[in-house]
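Notes for the one structure printed next.
The values are calculated or read from the model by the stated rules, or taken from the named source; none is laboratory data. Note that this is a predicted model, so its numbers are computed, not measured. Cβ: placed from backbone, ideal geometry, glycine included. Neighbour counts: every protein chain shown.
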Amino acid sequence: MSDKVLLVDDETDFLEVMAERMKAREIDVTTAASAKEALSLIEKESYDAVILDLQMPEMNGIEALKALKSKNPDIQVILLTGHATVQKGVEAMKLGAMDLVEKPADLKVLAEKIRKAHAKKMVLIEKKTEEKIRSIITQKGW
Amino acid sequence: MAPSSSSEVSVAEDAPAVCGLQFFGAVSASISHELKNAIAIVNEHAGLLEDLAALAERGRPVDPKRLKQTATQIARQVQRADGIIRNMNRFAHSIDDPVKTVDLPDMICFLAALAERKATMAGVVIELACRDASFSVQTRPFFLLNLLWLCLKTLIEMIPSGAVVQLGTDPNDRGAGVWFSCENLDLPEETILNAIRKQAEPLLCVLNADVVIDRVTGCIALSVPKIICDA
């Protein structure tokens, strides 16, 4: 099963070429040119990872991260930034980002992080399924 | 009289320099972010060419149209980065002459270019209303640019997303006026004016400039002398 990614950046040239390269690596990628568009997409679809630019017009990456996490606390977000600083990294992690990658990004590194996000999501799903089964067993008393 | 040590320099004397450093930092940071975006796109196109070359090595023909398209997109980003660096260079040289005769409409256009990213990030559009005719004032160019930036930055930060800021300049009896106008104000003009004055006080003082609300037009109007007094 291919990794399903939502790529969010206001630079449409960047979105197009990055998406093309990801597709060539069999990553199932959807693009959004704004945080608002991304928020609307995650309501309809489930993604293994959201790759989110930190500096975007109107709603920046940190605000978008908070909004994404409030809609889906399990969502795996990788932030893209022009200048990765320790302070930014710590802030992002505190808000629940999975990772922070500096632009220009190495696609090999990014693809590896997407795989890790997928694995993390699977673990979370398994854990939730297990909890659900345990809850059903306890309630039904089988 | 013994020369004064640095510790004796008062906050007021230091204030324009502090403002200037903050301005320099803010503009440099904005430029570096813009450059990073252009570089990131060039990087992805270089990666795409590598991908296409790898496919060609494995026997899959490369469409020349795709290569041309990539070359065009790289050239566009190079042009974009070149424009950013030109502005950066002009900005860096704005500190060269403490006092200089400057073309004000030209400075306003440059200000709009420097503030474009900040405006875009806030969802604000800058519209220039500069007339073709040029006119000049003898002033402190770096501090004047700093003052204009502070006015525009404060306005951008205090108006709602989607708003349009118009700015222009006209010669007047005193020297020259620069005006900033926005129709979608949520706040009283006085609140914005006070916010500008609070931040720009040292610059207004060093430039012998004044900022008021134009009662006729409702614009924020900045006035600078034709020739700075102590030049």
Open item on the list: Quick test for you: out of B:Ala15, B:Ala56, B:Ala71, B:Ala38, pick the one residue that is touching a residue at least 60 places away in the same chain (Cβ under 8 Å) and either away from every other protein chain (no Cβ under 12 Å) or surrounded by 12 or more Cβ atoms within 10 Å (Cβ to Cβ) (or both).
Closed with: B:Ala15
TODO: Run down B:Thr154, B:Thr169 and say which single residue is surrounded by 20 or more Cβ atoms within 10 Å (Cβ to Cβ), touching a residue at least 12 places away in the same chain (Cβ under 8 Å) and under 23 Å from B:Val18 (Cα atoms).
DONE: B:Thr154
Open item on the list: Residue pairs, Cβ under 8 Å, 6 or more apart or interchain, first in region A:1-25 and more than 7 Å from chain B (Cβ to nearest Cβ) and in contact (Cβ under 8 Å) with a residue 12 or more places away in the chain, second among the acidic types (Asp, Glu) and buried (at least 20 other Cβ atoms within 10 Å of the Cβ). List them.
Closed with: A:Asp3/A:Asp48; A:Lys4/A:Asp48; A:Val5/A:Asp48; A:Val8/A:Asp53; A:Asp9/A:Asp53; A:Asp10/A:Asp53; A:Leu15/A:Asp9
Open item on the list: For the structure I just gave you, tell me whether B:Arg117 is touching a residue at least 12 places away in the same chain (Cβ under 8 Å) and more than 26 Å from B:Ser181 (Cβ to Cβ).
Closed with: no
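Yes/no per residue for (1) under 19 Å from A:Ile114 (Cβ atoms); (2) of a type in the set (Asp, Glu); (3) surrounded by fewer than 16 Cβ atoms within 10 Å (Cβ to Cβ):
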| site | (1), (2), (3) |
| --- | --- |
| A:Arg21 | yes, no, no |
| A:Ala24 | yes, no, yes |
| A:Val29 | yes, no, no |
| A:Ala32 | yes, no, no |
| A:Leu39 | no, no, no |
| A:Ala49 | yes, no, no |
| A:Leu65 | yes, no, no |
TODO: For region A:48-142, please list each of the strands (runs of 3 or more DSSP E) lying entirely inside it that holds at least 1 residues being in contact with a Ser or Thr (Cβ under 8 Å, 6 or more places away or on another chain), within 14 Å of another protein chain (Cβ to nearest Cβ) and at pLDDT 90 or above.
DONE: A:49-53, A:99-102
TODO: Please go through region A:76-112 and pick out each residue that is out of contact with any Lys or Arg (no Cβ under 9 Å at 6 or more places or on another chain) and touching a residue at least 24 places away in the same chain (Cβ under 8 Å).
DONE: A:Lys88, A:Glu91, A:Ala92, A:Ala105, A:Leu110
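Quick grid of which residues meet (1) out of contact with any helix residue (DSSP H, G or I) (no Cβ under 7 Å at 6 or more places or on another chain); (2) among the small types (Gly, Ala, Ser); (3) modelled with pLDDT under 95:
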{"residue": "B:Asp14", "(1), (2), (3)": "yes, no, yes"}
{"residue": "B:Gly47", "(1), (2), (3)": "no, yes, no"}
{"residue": "B:Leu55", "(1), (2), (3)": "yes, no, yes"}
{"residue": "B:Lys68", "(1), (2), (3)": "yes, no, no"}
{"residue": "B:Arg90", "(1), (2), (3)": "no, no, no"}
Open item on the list: Against the condition among the hydroxyl-bearing types (Ser, Thr, Tyr), away from chain A (no Cβ under 14 Å) and more than 13 Å from the chain's Cα centre (by Cα), how does B:Ser136 come out, does it pass?
Closed with: yes
Open item on the list: Can you tell me which of (1) modelled with pLDDT under 95; (2) crowded, with 20+ Cβ neighbours inside 10 Å; (3) of a type outside the set (A, V, I, L, M, F, W, C); (4) touching a Cys at 6+ places or on another chain (Cβ under 9 Å) is the one B:Gly175 doesn't meet?
Closed with: (4)
TODO: Please indicate, with yes or no, whether at least one residue in region B:105-124 is assigned to a strand (DSSP E or B) and surrounded by 15 or more Cβ atoms within 10 Å (Cβ to Cβ).
DONE: no
Open item on the list: Can you tell me how many residues within region B:125-141 are out of contact with any Asp or Glu (no Cβ under 8 Å at 6 or more places or on another chain) and in a loop (DSSP other than H, G, I, E, B)?
Closed with: 5
